1. Provide the per-residue ³J(HN,Hα) series for the stretch 241-249, in order, calculated from phi with Karplus coefficients 6.51, -1.76, 1.60 and θ = phi - 60°, each as a whole number of Hz, with x at glycine and proline positions.
2. Could you state the number of Å between the C-alpha centres of the stretch 203-274 and the stretch 114-145?
3. Summing -39500 (n - 2.57) over the DSSP H runs of n ≥ 4 in the chain and dividing by its residue number, what mean residue ellipticity at 222 nm do you reach, to the nearest 500 deg cm²/dmol?
4. Based only on the alpha carbon positions, what is the Kirkwood hydrodynamic radius of the stretch 61-109, in angstrom?
5. Between residue 130 and residue 224, what is the spin-label point distance in nm, taking each point 7 Å from the Cα along the Cα→C-beta axis?
6. How many percent of DSSP beta bridges within the chain run antiparallel, rounded to 5?
7. Given H placed 1.01 Å from N in the peptide plane, which residues other than close sequence neighbours of residue 108 have an amide H under 5 Å from its amide H?
8. Points 7 angstrom from Cα along the Cβ direction at residue 162 and residue 234: gap in nanometres?
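Read-outs: derived from the displayed coordinates by stated rules, not from any lab. This is a predicted model, so every value here is computed, not measured. Using ideal geometry, Cβ is built from the backbone for each residue, glycine included, and neighbour counts are taken over all protein chains shown.
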Amino acid sequence: MKEKTRNILSIAAPVLLALILPLCACAAPDRTATEVTVLKIGKADAILIALPDAAVLVDAGEDEDAGEILENLEKQGIERLDAMIITHFDKDHVGGADGVLRGVAVEQVVDPQYEKDSTQYRQYLTALEETGVPRTRMEDGETLSLLDGKLTVSAASLSAQDDNNRSLCVLLDTGFHCFLLTGDAEEARIDELLAQGLPACDVVKLPHHGRWKENLPALLDATMPRAAILCDSEKNPAEEETLALLQARGIAAYQTQYGDIRITSDEEGLTIRQ
């Protein structure tokens, strides 16, 4: 399917990438920087992107995770979300979305254009109706540009695939560093991303909670990250083959089972704290 592109939520921002500095500990978050927080909520995804002038939530964990997400928003002084992106409708990505919608002002929701017969999805639809938050449904093969190009969201073009392979993928360009968030992409979706072309990225959130995929080496070859994020838990850890691949490539692995992961990107460099 021919790729389509939309541009919404424009906010002026720099576009040049800077060289990454070594990963290190740093001081408290600086609101002039971009802060990416990957929450420790078990084998589930909830990633908060706090730019200097906007905030976006990518996925909302499970039913019981909404409270922790809202607490993190409050701690960071975020009173509204410019967008909430739901990569796909599995319960560990959409489960807390209804609670977030009811707990904080959300300017719009972005999600893939398919339906799912599940309690969590129905709760999400009910919350959307109750709150009246506008919903942008991404068609197969579509690309959506948010925040004047700082966020690029791509939808799968393989409409017959399962939920994981319908995952939206998010590319974040802070003006200094690049992040790739891959939802729960399986091999077919990863192959599609590789065929479309991926830029070098400083940080990649690996797909599907660190489960091994045969084309993970190709994904790392294409993106050349310095750090990888794995949304796993002590009960459901990332697979050893995945961790061994990262170690062999010299890529720093950060697993949410050990705590929240907080990443700062600014002109001084990239820092990751856990």
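1. Each residue's phi maps through the Karplus curve to give 5, 5, 5, 5, 4, 4, 4, 5, 8 Hz.
2. When both Cα centres are located, 28 Å separates them.
3. On the way: 7 runs with 62 residues, N = 274.
Using -39500 (n - 2.57) per qualifying helix, the result is -6500 deg cm²/dmol.
4. Values: mean 1/r = 0.0929 Å⁻¹.
That comes to 10.8 Å for the stretch 61-109.
5. Distance between the two pseudo-spin positions: 4.9 nm.
6. Numbers: 31 of 57 bridges.
Antiparallel bridges: around 55 percent, rounded to the nearest 5.
7. It is 83, 84, by chain and number.
8. Once both label points are built, they end up 2.9 nm from each other.
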